[in-house]
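Reviewing the structure listed below.
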Amino acid sequence: MLHKSTALDPGPNGFSNPLGRVARASAYKMASLLPTNWLEWMRGKSMLRDVLNTLSIDCVIDVGANRGQYGLTLRGLGYAKDIISFEPVESNLESLRKTAARNQPWRVFPYALGNTDGSAEINVTTNTVFSSLLTPDDESRSRFPANRTDRRETVEIRRLENVLEECLRGIAASRLYLKLDTQGFDLEVLRGAASVLPRVLALQTEVSFRSIYHAMHDFTESIAEFRACGFEVVDFLPGVRDIDHLSAIEMDCIMARRPQWGVRH
């Protein structure tokens, strides 16, 4: 249920509260003076904080942690509980481990997640946030110069359902949030988590509107598969736009377990 501020509620007989009109006018005026990117950033952070608090999340599984940027965002939002990060790229691990050590409780595991247990070559890109088990396509390399493969590393891959208990050993976590940022490999991670998905109350996945890797799923395929696993869309967070700022390339999609619509809270 949505709760509105009293100041913004209609007054008696359905007429708008004058104080509400003043508050809205002031808010619109202030918003018009702020950079669009800042407003989007604030909205995204507010949405993430609301989901974590509403669901009483006590452990975030951070897949594709890079150097710990997402974990630091969580700490900045006031989330003080457990983070479990997975990052396979060797050059990122030292920074990630240092960041985690300064912001406990936070565990780091040096492998990728997917739908198989084994190993594979990862494309390590000029800017490592683009690193992927998929290969950047030609259009992507033109649009994002830093999405160029500098080298390849052989990394371990594990199914989440086979390692989760080990990763959570000693942690009394029962309300999980799954964050996926694997540059086109999110559905493979989902498929390797089948038996533990019922423990995941909500998740965040990167969905693509324009392919930047070969064999990458588009947003319709991604959302359909997550929905088939029992998750519904909560919101989309600001993502990457094309140079004209009118064409979306990718966004983060927050999803939560399908609610029981007939249950009154």
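Any read-out appearing in this document is the output of simple, stated calculations on the displayed coordinates, not a laboratory observation. Remember, it's a predicted structure, so these values are computed and weren't measured experimentally. Cβ sites come from the backbone with ideal geometry, for glycine too, and all protein chains shown count toward neighbours.
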List the residues whose amide H sits under 5 Å from the amide H of residue 113, counting only those 5 or more places along or on another chain, with H placed 1.01 Å from N in the peptide plane. 158
Apply the Debye scattering formula to segment 36-257, with a single equal point scatterer on each alpha-carbon and no solvent, then give log10 I(q)/I(0) at q = 0.12, 0.15, 0.16, 0.18 Å⁻¹. -0.61, -1.01, -1.17, -1.54
Extension length gain for residue 138 and residue 195 (0.36 nm per residue less Cα distance), in nm, is 16.8 nm
In 5 Å bins starting at zero, report the fraction of Cα pairs in segment 133-180 per bin as a rounded %. 4, 13, 16, 15, 12, 11, 12, 11, 5, 1
Placing each pseudo-label 7 Å from Cα in the direction of the beta carbon, residue 236 and residue 40 end up separated by a distance in nanometres of 1.1
Amide H partners (placed H, <5 Å) of residue 241, local residues excluded: 249
Distance in nm between label sites at residue 220 and residue 95, each 7 Å beyond Cα in the beta-carbon direction? 3.7
In the neighborhood of residue 218, defined by Cβ-to-Cβ distances under 11 Å, what is the net charge if each Lys or Arg adds +1 and each Asp or Glu adds -1? -1
If each residue's Cβ is checked for other Cβ atoms within 10 Å, how do 106, 41 rank with the fewest at the top? 41, 106
What are the ³J(HN,Hα) couplings of segment 67-79, residue after residue, when phi is run through the Karplus curve with 6.51, -1.76, 1.60 and θ = phi - 60°? Round to Hz, x for glycine and proline. 10, x, 4, 5, x, 5, 4, 4, 4, x, 7, x, 6
